[in-house]
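Quick notes on the structure that follows.
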Amino acid sequence: MTMTDDSGTDVLSTRYQKSVAEYWNKEKDPVNLRLGEVSGTFHHHYGIGDVDWSVLEGPESTREARTIEELHRLEGAQADFLLDQLGDLGAADRVLDAGSGRGGSSFLANLRFGCQVDGISISEKQVRFANDQARERGVADRVGFHFRNMLDNGFPAATFQAIWNNESTMYVDLHDLFAEHARVLKPGGRYVTITGCYNDVHGRQPSRAVSQIDAHYICDIHPRSDYFAAMSANNLLPISVVDLTAATIPYWELRAKSAVATGIEEAFLTAYKEDSFHYLMIAADKV
């Protein structure tokens, strides 16, 4: 069955894209759902910042709830940090959340800036969930989600003042992605990504731990240098790079002790601590 978006364009053009869409259409991971239930804002990314380890102390009967709330606070801090990099946006601006998941970052962007937000995902289930959330929040006139492919998003050229990917670039070819982002970004517009990438200072092959992460999420983690090469080739000039690796390790250490651990925590911690894997924020302007 051919799956088309609201403009009639085929969304899933390869077998791999179909497998990724199927993965996220079936996904019911408590680490995403239970954390989102804390505040009603559902994220699909990890956390940063110092952990309040006191959540593991106190009554056993409420320890799990305290831990879930702390993990959600850390992922909220990550989303806030990404939004800090988007520049001076206002109600007249339109922005794109590429790989928008269940919509958490999109709603936070609209709440902070008043801007119009479009989210895109190749998971129809995620798009339905996020649009339902937009209606429940009363912002459906300003925040909308589309079943579209970030490599061929269907928007006119120079539509957006800002675009971001939050942990979604490892599912696509970076040159194709940044070419499409550059097409729909306005001149001087801002692009931001927070992503995991492997450290190719040690070679052009991912470590065993990084390969385990790839297999778990059926993704293809890129080497660090590929981000900068692909940006340069597509008129995206990096203006800020922040290594968030040390800032995300506490999140993973707490998650490993939580009821929502998925079994991949040790691979992340090993990869980060052996320096084969980095967690980066890269902000770039279209020139």
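Structural remarks
- Filtered residues of region 226-251 (kept if assigned to a loop (DSSP other than H, G, I, E, B) and among the aliphatic types (A, V, I, L, M)): Leu244
- Test for Gly114: is it closer than 20 Å to Ile282 by Cβ, surrounded by fewer than 20 Cβ atoms within 10 Å (Cβ to Cβ) and not β-branched (Val, Ile, Thr): no
- One residue alone among Val201, Val210 is in a helix (DSSP H, G or I), more than 16 Å from the chain's Cα centre (by Cα) and modelled with pLDDT under 95, and that residue is Val201.
- Taking region 121-133 as the range and being surrounded by fewer than 22 Cβ atoms within 10 Å (Cβ to Cβ) and either touching a Ser or Thr at 6+ places or on another chain (Cβ under 8 Å) or farther than 21 Å from Ser39 by Cα (or both) as the test, only Glu124 passes.
- Residues being out of contact with any Phe, Trp or Tyr (no Cβ under 6 Å at 6 or more places or on another chain) and either at positive phi or in a helix (DSSP H, G or I) (or both) - total across region 252-266: 6
- Within region 190-206, the set of residues being surrounded by 15 or more Cβ atoms within 10 Å (Cβ to Cβ) and more than 18 Å from Val241 (Cβ to Cβ) comprises just one member, Pro206.
- Scanning region 95-111 for residues that are farther than 25 Å from Asp10 by Cα and surrounded by 23 or more Cβ atoms within 10 Å (Cβ to Cβ) gives Gly104, Ser105, Phe107, Ala109.
- Residue within region 181-188 that is among the small types (Gly, Ala, Ser) and either at pLDDT below 95 or out of contact with any strand residue (DSSP E or B) (no Cβ under 7 Å at 6 or more places or on another chain) (or both) present: no
- Ala92 vs. criteria aliphatic (A, V, I, L, M), assigned to a loop (DSSP other than H, G, I, E, B), open to solvent by 40 Å² or more (accessible area, probe 1.4 Å) and modelled with pLDDT of 95 or more: yes
- Entry remark, region 3-30: residues being at pLDDT below 85 and touching a Leu at 6+ places or on another chain (Cβ under 8 Å) number 1 in total.
- Leading residue by the ranking (nearest to the chain's Cα centre (by Cα)) among those in region 255-287 that are of a type outside the set (Gly, Ala, Ser), more than 23 Å from Asn32 (Cβ to Cβ) and surrounded by 21 or more Cβ atoms within 10 Å (Cβ to Cβ): Ile282
- Those residues of region 239-254 which are open to solvent by 50 Å² or more (accessible area, probe 1.4 Å) and either among the charged types (D, E, K, R) or in contact with a strand residue (DSSP E or B) (Cβ under 7 Å, 6 or more places away or on another chain) (or both), in sequence order: Ile239, Val241, Asp243, Glu253
- In region 49-89, the residue that is surrounded by the fewest Cβ atoms within 10 Å (Cβ to Cβ) out of those that are among the β-branched types (Val, Ile, Thr) and assigned to a helix (DSSP H, G or I) is Thr62.
The values are calculated or read from the model by the stated rules, or taken from the named source; none is laboratory data. Predicted model, so just to flag it, every value in this text is computed and none were measured. Heads up, the Cβs are rebuilt from the backbone with ideal geometry, glycines too, and the neighbour counts pull from every protein chain shown. Side chains included, ligands, DNA and RNA excluded: accessible areas come from the protein's heavy atoms. Shrake-Rupley method; radii C 1.70, N 1.55, O 1.52, S 1.80 Å.
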